[in-house]
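The values are calculated or read from the model by the stated rules, or taken from the named source; none is laboratory data. Remember, it's a predicted structure, so these values are computed and weren't measured experimentally. Note that each Cβ is placed from the backbone with ideal geometry, even for glycine, and that neighbours are counted across all protein chains shown.
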Amino acid sequence: MNKFKKYINNVNISRFRFWFQIFAFIIMVYGGFLSIDIGENLPTFSCPYIDKGGGTCFLMGLQHRFTLPIDQLISFRGLAVLTSVLFFVSWFIFFNKAWCGYICPLGTLQDWFTKLRQKIGIRYSNYSEAKFKKLKKIKYILLGLLILIPIFMANSIPFIGKLSHDWAVPFCMICPGRTVLPLFQGDASQLVIDYGSKTKMIFTVLGMAITGMFFAGAFFKKRFFCFFCPMSALQFIFKKLGFLRLIKDGTKCTKCGDCYRACDMGIREIADDIESKDIIKDDCMMCFKCVAACPEEKCLKVNFLGKTIYEATEEGFYKRQKGKK
Amino acid sequence: MKKKQKKRIIAHGYSRGLIIISVIFIAPVFAENREPKSFHFSLTSPAEKKQKHESEHAAKPVRKYWLSTAEKDLNLEGYLLNPLGEEKELKIEKKEEGWLVSFNTPFKDSEDHGANNVYVVDKKVVDKTLYIRTAKWITVNHSCGWGHGHKHDKIRHSALSFEKIPFEIVPQVLWDDKFHIRTKTGDNLKVFVYSYGKPVENAKVTVVSEKDWQKTMITDENGGIEFQMIRDYYERNWERFHTSHRSRMIVEAEYEINESGNYEGELYNKIIMSTSMPWKYSPALEDYASYKSGLTVGGIFFILTLGGVLLYRERRRKPFLELDFEKKPRKNKKNKNE
Amino acid sequence: MEKERFEKVRKHVRSEAALEAGDVLNKIKDNFPDNPEGMNYFYDLLSRQFSEGILPKNGKKVIGTMCVQVPDELILAVDAIPIRVCSGSFPYDNAGAEFMPAKTCSMIKAIMGLFSVENYQKKFDMLVIPTTCDQKKKTTEMLTDMGYETYSLSLPSRKDNDNSRHYWQNSVKEFAADLMKKTGKKITTSNIKKAIDLKNNARYEFRRFFNLRKKSPSVIYGKDAFLVANAYFVDEVESWTSALKNLNDELEKRVNKNFSIVNQKTPRFLFTGSPPIFPNMKIPLLVEEAGGLIAVDEVCSSSRLLYDMPAYDEGALYDMIPAIADCYLKPCTCPCFVPNEERKDKLANLIDLFNIDGVIYQSFSGCQLYEMEQKLIGNFLMEKGIPMLYIESDYSKEDTGQLSTRIEAFIESIKIKKKSDLKGKRATK
Ligand code: SF4
Ligand code: SF4
Ligand code: SF4
Ligand code: SF4
């Protein structure tokens, strides 16, 4: 048992993650061909715009479901919204935010861009801390909008009236998941500007602009899009329920910052916060690179239902650093 | 290899266009035309002029359909086939405005989640001819709120035929696996004509577009025909063009059999069967969307971001002399530690 | 004339220093039982340092460093030899006292004495001094004035925000560029990777050593542990690493055999404050001769020297150099930083890990930073209920008598406390 534990702790988590992500990508993007359907309300960007995908992104359903008059929303049909959230949460709690670090096809794609950049040897970009703090808020704004806009499609706003049907699934319209992921099935039909109406046109222009920025941004900045992702904001609300946890023992931490270095999301608290035990922050994608980069015995840990499944060890750290190319 | 059929079949021209012609030329001779006209289902009563379309996204507690005919003396039998191929009850009412059929679809993901076939059959003998008229409507009872759990459930999203129906049209493709209608202007629609669940060769199929353009075809040995759904929706002005517009195409079929018999005491020596199935389709993406603009916008923002990052990096190197080991050092670089 | 006088002085100071070193080494070897075989390498090395000099003769460039914050991976990467020149020698301290202000810290005086007495201008290609405390800063200028090539490595005073981190990373990047210019060698991904691995091997062994010291009762004296780290100042990394590996293997055997050099009752101390540098082993020796044991320390000449390890994410210079920089700044608990809460956290952690009974805090008289921080640490430890002995001292031997009485009294009090604690524990059992 001990040997096995040691083996696990010495594991090169990045390599494991790389293969796991490929596996998850195939399921999420090509699952339909294999008659795999993980389900609906997935807390990850398994976009239904992919014709034969392996699951369905929760945000799509969420935006549809909120297109309801207020009185219905608070009556029995609101219950449907609630059940879907329950489904979402029950998917979510298993892996917690590791849905982002290990499963989300859009996240995986961004990691591939990073790999490419590394191969070419181009320096990564970083946000300064002040800028970073500001940018982080965008995802909460997007989350708010993607609920409010559907509500205002079914309820009239004073002076303006109801929003037209063209406002449907507003976030999906600007989500790179819609434009980029179907490309993997050879479907480029989402790359158009829709002149069907003004609203649609503006949305699709925005969507394509974001797609363009996504490609360039994700190349330079690790996980460029994830900073703005409302899914990540939504997940964070339920992080307390997750079975999978990232635990930090602050007394063992030397604030060496190795974990912060490794963190693709640039989460400074992972190194500098020695008070919190449950150290998951809203941007965290639970990739556990930080655990692999921590040289202090048992300082950072990955727990599943209270059981430690992976933890930082001196030996593991040393082996991993030595094995770097 | 074509199998020759033994029965003689007399092709009988029957369509709206021909009625008009016959009315003009033949009407004076036979003062009264007693031939029953075919009918179809519609969301509006015959009195209303406006057309409506059913959404495949919104669930309704009760589904109601009107027959397009104003005839009062129909002898209707109704049939309802649920998505799993089971027969269910259909209610038929005679109203002031015409004939109304209805059935309940409770708001939940149950056995009627999917495509339900609604039929009426009318039989009557006129001038020694037995007219069997049927109408069919396919309704998709679906709400995205129920989820798409039946994605890989083949029977739920394939088009079914019903062996109790004397004459019906069955489309080849139906909804996509999430029950969303996908047929667009320019798409080919393939339909089959069935009689009591068996394909009918040499039936005459006529498709009539919204603005009454029509085309007539004869079915092959599998009972199938295929046609392109032509664009029949034009707006002068961009503002008024709606991508959500649904055009209607009514598919009708007719078939004549030389056969004598007795229907409820009345003798006949010929059977004429007719059926109809309304179909809807939306404007094609090509009518209102452009790849060129999409790729241009995407490209511009890609280049802007790329350029922005590179420019920013270049500028950072100047004032602060940020060192970049991948680049050759600049000339005239001042060094503070010298 | 002048030159001759100079030569005379140099000879005199050198022989005195060698004498002092020999003396201390003898004490270290002879006054204690059960010295591990593996220590002989380090004893020899340090005695050679003072009899034969330390400078390598293989024609490689030599770069002198002061303070722990100099990233010597970079120096190793350009194929130069880093030598830490911080000195603990009283004769050199004396020599420095002649021209340095009276209230200067002994270590600074000793360094200045060393560089004024010895003609090292030609021997060191560069002296790298981080801007840690004020005295080190001015030392840089004085050494430049004496004709040394110096490099002031700019260190921020805060480390708790991202700006200072970037500032330091830029300092280190600049340093790397200047090193390349100085040595004419390019830093490449492969040679820096080699240097990191080299130093990480040393760090790994050092961690092993550190962990072996956790065993209670202990398998090695604190005085030996200080020497091991001190040897790293001047030794080649590879041979040092393999010597430490031998020592570790030996200690591991001791642990397995349950062999220890002291008994359960020996009080275990944590040593912190100004760094004891060989041959200034005055306080550690006094403590251990009086029956205490320095189980662990938190000084920049020993445990802090090789504890922290860099982790880079992408194997390219743009990430490796900042990663190296980070590991010298962020976890550093030097009192030149403000705020320095990490030092308290670290001490608390060490007290837990090493079963510590008391803390010995040394500060060189004249070292304002350690003197002032003593108050803060003292209060912190008082709250935790850990007794602390504060000793202000310098390199001279004058105060030995007085200090040993204080130390003995402190140890006695702890022994009594420990006994009652043990009894109490047994009683509750
Ligand atoms: S935050 Fe990133 S990884 Fe997570 S769902 Fe959003 S795009 Fe995917
Ligand atoms: S477009 Fe984006 S938000 Fe919408 S369903 Fe696809 S992945 Fe989810
Ligand atoms: S790597 Fe470990 S020890 Fe270092 S700052 Fe992070 S958690 Fe603390
Ligand atoms: S904090 Fe750790 S687990 Fe979270 S994103 Fe950063 S490196 Fe990954």
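Descriptive notes on the structure:
- So residue C:170, is it under 30 Å from residue C:373 (Cβ atoms), within 14 Å of chain B (Cβ to nearest Cβ) and of a type outside the set (A, V, I, L, M): yes
- Test set (1) under 27 Å from residue A:33 (Cα atoms); (2) crowded, with 21+ Cβ neighbours inside 10 Å - residue A:184 fails condition number: (2)
- Of the residues making up the stretch C:116-136, just one is outside any loop (DSSP other than H, G, I, E, B) and surrounded by fewer than 16 Cβ atoms within 10 Å (Cβ to Cβ), namely C:134.
- Scanning the stretch A:157-173 for residues that are more than 14 Å from every other protein chain (Cβ to nearest Cβ), modelled with pLDDT of 85 or more and either assigned to a loop (DSSP other than H, G, I, E, B) or within 16 Å of ligand 3 (Cβ to nearest atom) (or both) yields a total of 2.
- Taking each residue of the stretch C:48-69 that is within 22 Å of residue C:181 (Cβ to Cβ) and looking for partners that are assigned to a loop (DSSP other than H, G, I, E, B) and among the small types (Gly, Ala, Ser) with beta-carbon atoms closer than 7 Å, six or more apart or interchain, yields C:60/C:80; C:61/C:80; C:62/C:80; C:63/C:80.
- Residue A:181 meets the stated requirement of being closer than 24 Å to residue A:285 by Cα and among the aliphatic types (A, V, I, L, M).
- Listed by position, the helices (runs of 4 or more DSSP H) enclosed by the stretch A:1-72 that each have at least 1 residues that are within 11 Å of another protein chain (Cβ to nearest Cβ) and within 16 Å of ligand 3 (Cβ to nearest atom) are A:13-30.
- Neighbours by Cβ (under 6 Å, 6+ apart or cross-chain): first from the stretch B:276-303, more than 9 Å from chain A (Cβ to nearest Cβ) and buried (at least 18 other Cβ atoms within 10 Å of the Cβ); second small (Gly, Ala, Ser) and not in a helix (DSSP H, G or I): B:276/B:38; B:276/B:135; B:281/B:247
- Some residue of the stretch A:225-243 being closer than 21 Å to residue C:311 by Cα and away from ligand 4 (no atom under 13 Å from the Cβ): no
- Identification of helices (runs of 4 or more DSSP H) wholly contained in the stretch A:221-325 with 1 or more residues that are of a type in the set (S, T, N, Q) and within 13 Å of another protein chain (Cβ to nearest Cβ) yields A:314-322.
- Residue-level check: of (1) closer than 25 Å to residue A:230 by Cα; (2) away from ligand 1 (no atom under 16 Å from the Cβ), residue A:250 misses just (1).
- Residue B:243 in the same structural domain as residue B:38 (by TED's automatic domain parsing), surrounded by fewer than 21 Cβ atoms within 10 Å (Cβ to Cβ), in contact (Cβ under 8 Å) with a residue 40 or more places away in the chain and closer than 28 Å to residue A:183 by Cα: yes
- Filtering A:282, A:249 for residues that are more than 23 Å from the chain's Cα centre (by Cα) and surrounded by fewer than 20 Cβ atoms within 10 Å (Cβ to Cβ) leaves a single hit, A:249.
- Residues (among the acidic types (Asp, Glu), under 21 Å from residue C:204 (Cβ atoms) and in a loop (DSSP other than H, G, I, E, B)) located in the stretch C:281-330: C:308, C:313
- Screening B:221, B:201 for residues that are touching a Gly at 6+ places or on another chain (Cβ under 8 Å), away from chain A (no Cβ under 14 Å) and assigned to a loop (DSSP other than H, G, I, E, B) leaves exactly one candidate, B:201.
- Any hit, the stretch B:115-124, residues being farther than 30 Å from residue B:34 by Cα and either in contact with a His (Cβ under 9 Å, 6 or more places away or on another chain) or within 14 Å of another protein chain (Cβ to nearest Cβ) (or both): yes
- Only residues that are within 10 Å of chain B (Cβ to nearest Cβ) and farther than 23 Å from residue A:43 by Cα were counted in the stretch A:182-214, giving 19.
- Residues of the stretch C:15-72 satisfying the condition of being surrounded by 14 or more Cβ atoms within 10 Å (Cβ to Cβ) and among the acidic types (Asp, Glu): C:16, C:20, C:72
Quick grid of which residues meet (1) crowded, with 21+ Cβ neighbours inside 10 Å; (2) of a type in the set (D, E, K, R); (3) closer than 19 Å to residue C:194 by Cα:
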position	(1), (2), (3)
C:315	no, no, yes
C:325	yes, no, yes
C:332	yes, no, no
C:335	yes, no, no
C:338	no, no, no
C:344	no, yes, no
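- Any hit, the stretch C:201-216, residues being within 11 Å of chain A (Cβ to nearest Cβ), touching a Ser or Thr at 6+ places or on another chain (Cβ under 6 Å) and touching a residue at least 24 places away in the same chain (Cβ under 8 Å): yes
- Pairing residues of the stretch A:108-121 that are in the same structural domain as residue A:180 (by TED's automatic domain parsing) with residues that are more than 16 Å from ligand 4 (Cβ to nearest atom), at Cβ distances under 6 Å and at least 6 apart in sequence or on separate chains, gives A:108/A:25; A:113/A:219; A:117/A:219; A:121/C:316.
- Residue that is farthest from ligand 4 (Cβ to nearest atom), among those in the stretch A:252-271 that are surrounded by fewer than 21 Cβ atoms within 10 Å (Cβ to Cβ) and closer than 22 Å to residue A:321 by Cβ: A:252
- The one condition in (1) modelled with pLDDT of 90 or more; (2) over 23 Å from residue C:341 (Cα atoms) that residue A:277 fails to fulfil: (2)
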